């Protein structure tokens, strides 16, 4: 299905501030980018590079005063995510070298503290997809989705105390519990069609039987129609904006919709 998504961000700063954005999607598994645009106001020169995880990153110096950036993308997305309960766990010694860092604790995913909980959630299950799905269901059942209960410093271990969080917290907890079972896991950010409330979204993926599988603990069913923007170990790797100086976000608007027939021209 064709999905059109946009993200509008307004900032203000008292001095010029170097900034990196991560707002552009590229074609890949389950998505083909049909059209995409990025505009700034006032216009500022921007450069782009690809980071360690293959994400497109935009470098810019925000001018003093008000600044606006808008990113729009049209993508042909898979309607469903792949589900495979028979996908087995891959022994660590058989993992590709580049996959090993997805097994380690990271800033927001303290997997070294969660081994007991991970084993309790997945007891009597065969190693692999069934374990990760049990983790996803446990988070959905036991953690309440609620805005304003966490912040940019909240980690996977933190939300176990409050049992509340938002999509990035759900993803961090899923990642940490997977890694505690020696299952590589990574964070994904992007757009989800018909997400309520609408916002930029985060979920996680687990590496099983030689490929990545998508898991989203905020949703009750395996929904597709996702546009991926970035992958990383946790939120520290996939922030939509990283400022190297004081900047205030004054407004943000995200839309994800199905474009009316005939409105997409190349």
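The values are calculated or read from the model by the stated rules, or taken from the named source; none is laboratory data. Because the structure is a prediction, the values reported are computed rather than measured. Here the Cβ positions follow ideal geometry from the backbone for every residue, glycine too, while neighbour counts run over all protein chains shown.
Observations on the model:
- In the condition set (1) in contact with a strand residue (DSSP E or B) (Cβ under 6 Å, 6 or more places away or on another chain); (2) crowded, with 20+ Cβ neighbours inside 10 Å; (3) more than 22 Å from residue 229 (Cβ to Cβ); (4) in contact (Cβ under 8 Å) with a residue 40 or more places away in the chain, residue 88 is compliant with all but (2).
- So residue 244, is it modelled with pLDDT of 95 or more and closer than 19 Å to residue 29 by Cβ: no
- Conditions (1) more than 17 Å from the chain's Cα centre (by Cα); (2) within 17 Å of residue 231 (Cα to Cα): number failed by residue 46: (2)
- Selection status of residue 24, over 24 Å from residue 207 (Cβ atoms) and not in a strand (DSSP E or B): yes
- Segment 218-239, residues that are buried (at least 22 other Cβ atoms within 10 Å of the Cβ), within 12 Å of the chain's Cα centre (by Cα) and assigned to a loop (DSSP other than H, G, I, E, B): 233, 234, 238
- For residue 154, the stated conditions hold: it is part of a loop (DSSP other than H, G, I, E, B), buried (at least 16 other Cβ atoms within 10 Å of the Cβ), touching a helix residue (DSSP H, G or I) at 6+ places or on another chain (Cβ under 9 Å) and free of Cβ contacts under 8 Å to residues at least 60 places away in the same chain.
- Close Cβ contacts (under 6 Å, 6 or more residues apart or on different chains) running from residues in segment 230-254 that are in contact (Cβ under 8 Å) with a residue 40 or more places away in the chain to residues that are in a strand (DSSP E or B) and exposed (fewer than 14 other Cβ atoms within 10 Å of the Cβ) comprise 244/18.
- In segment 171-203, the residues that are under 17 Å from residue 141 (Cα atoms) and part of a strand (DSSP E or B): 203
- Test result for residue 149, assigned to a helix (DSSP H, G or I), farther than 14 Å from residue 208 by Cβ, under 21 Å from the mean Cα position of the chain (by Cα) and free of Cβ contacts under 8 Å to residues at least 40 places away in the same chain: no
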